[in-house]
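Report on the structure given below.
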Amino acid sequence: MGCPVKIGNGYDVHQIAEGLPMWLGGVRIASDSGFVAHSDGDVAIHALCDALLGCLALWDIGHHFPDNSDEWKGVDSKKLLARVVSMVREKGYAVGNIDITIALQRPKIGKYIPEMRDVLSGILGVGTDCVSIKATTAEGLGFVGRNEGCEVWATAIVWR
């Protein structure tokens, strides 16, 4: 019968470069730089996809959406998340809640969090009270602190 409740975690990191769009949590962030990636580079959605896939031992985002495939080049990561949510449902589960932590030195993204929660809750099929997003900096330390990249950790719970 399997576990009625399952938990998964995800992690992703992307390099930052000037002249690229910055997408986080399905929202375009006003910035003169963005994430280097095969897709749109939404590092928050990528970590969330891994967390949801991890709940059900369904490998990882790279297994389902390889970064050497033309099919996924430049893809809107919201589409990837919608497909992952479909996989969760096909296995007989529903999303319970998610928790995401974004480590980014700049730009400050706190004002975008309500919109991110709205976007993600719509795709996940849960209320915004089931979508937690937190932002932090690295206090100038490491590659995040030097604004060379962004790290995201995500946790998800699914249930039957």
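The values are calculated or read from the model by the stated rules, or taken from the named source; none is laboratory data. Note that the coordinates shown come from a computational prediction; the quantities given were computed from them, not determined experimentally. We place every Cβ from the backbone using ideal geometry, glycine too, and count neighbours over all the protein chains shown. With ligands, DNA and RNA removed, areas are computed over all heavy atoms of the protein, side chains included. Shrake-Rupley method; radii C 1.70, N 1.55, O 1.52, S 1.80 Å.
Of these, S39, S77, which one is open to solvent by 10 Å² or more (accessible area, probe 1.4 Å) and closer than 21 Å to C150 by Cβ?
Step by step, each of S39, S77 is checked, and only S39 is open to solvent by 10 Å² or more (accessible area, probe 1.4 Å) and closer than 21 Å to C150 by Cβ.
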S31, sole failed condition from (1) open to solvent by 30 Å² or more (accessible area, probe 1.4 Å); (2) touching a residue at least 24 places away in the same chain (Cβ under 8 Å); (3) assigned to a strand (DSSP E or B) = (3)
Please work out which one of (1) closer than 17 Å to M22 by Cα; (2) part of a helix (DSSP H, G or I); (3) not acidic (D, E) is the condition V75 fails and give its number.
-> (2)
Would you check which residues across region 6-21 are touching a residue at least 60 places away in the same chain (Cβ under 8 Å), open to solvent by less than 80 Å² (accessible area, probe 1.4 Å) and not basic (K, R) and list them?
-> G8, G10, D12, V13, H14, I16
Of C49, C3, the only residue that is buried (at least 24 other Cβ atoms within 10 Å of the Cβ), touching a Lys or Arg at 6+ places or on another chain (Cβ under 9 Å) and not aromatic (F, W, Y) is C49
Cβ-Cβ below 7 Å, separation at least six or inter-chain, first residue in region 141-160 and within 29 Å of I123 (Cα to Cα), second among the small types (G, A, S) and surrounded by fewer than 16 Cβ atoms within 10 Å (Cβ to Cβ): which pairs?
-> V158/A94; W159/A94; R160/G92
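Matching residues to (1) modelled with pLDDT under 95; (2) in contact with an Asp or Glu (Cβ under 9 Å, 6 or more places away or on another chain); (3) over 29 Å from G2 (Cβ atoms):
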residue: R89; (1), (2), (3): no, no, no
residue: T101; (1), (2), (3): no, yes, no
residue: I109; (1), (2), (3): no, no, yes
residue: M116; (1), (2), (3): no, no, yes
residue: V119; (1), (2), (3): no, no, yes
residue: T128; (1), (2), (3): no, yes, no
residue: V131; (1), (2), (3): no, yes, no
residue: T137; (1), (2), (3): no, no, yes
residue: V158; (1), (2), (3): no, no, no
Keeping to region 135-160, report how many residues are outside any loop (DSSP other than H, G, I, E, B), open to solvent by 10 Å² or more (accessible area, probe 1.4 Å) and in contact with a helix residue (DSSP H, G or I) (Cβ under 8 Å, 6 or more places away or on another chain).
-> 5
Output for Cβ contacts, cut-off 6 Å, separation at least six or different chains, first residue without any contact (Cβ under 8 Å) to a residue 24 or more places away in the chain in region 102-129, second part of a helix (DSSP H, G or I) and among the charged types (D, E, K, R), reads T128/R117
Criterion violated by D40 - all others in (1) on the phi > 0 side of the Ramachandran plot; (2) touching an Asp or Glu at 6+ places or on another chain (Cβ under 7 Å) satisfied = (1)
Expected single match for over 17 Å from S31 (Cβ atoms) and part of a strand (DSSP E or B) among I102, I98, I123 is I98
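Is it true that some residue in region 63-70 is modelled with pLDDT of 95 or more, in a loop (DSSP other than H, G, I, E, B) and surrounded by fewer than 16 Cβ atoms within 10 Å (Cβ to Cβ)?
Looking through region 63-70, none of the residues is modelled with pLDDT of 95 or more, in a loop (DSSP other than H, G, I, E, B) and surrounded by fewer than 16 Cβ atoms within 10 Å (Cβ to Cβ).
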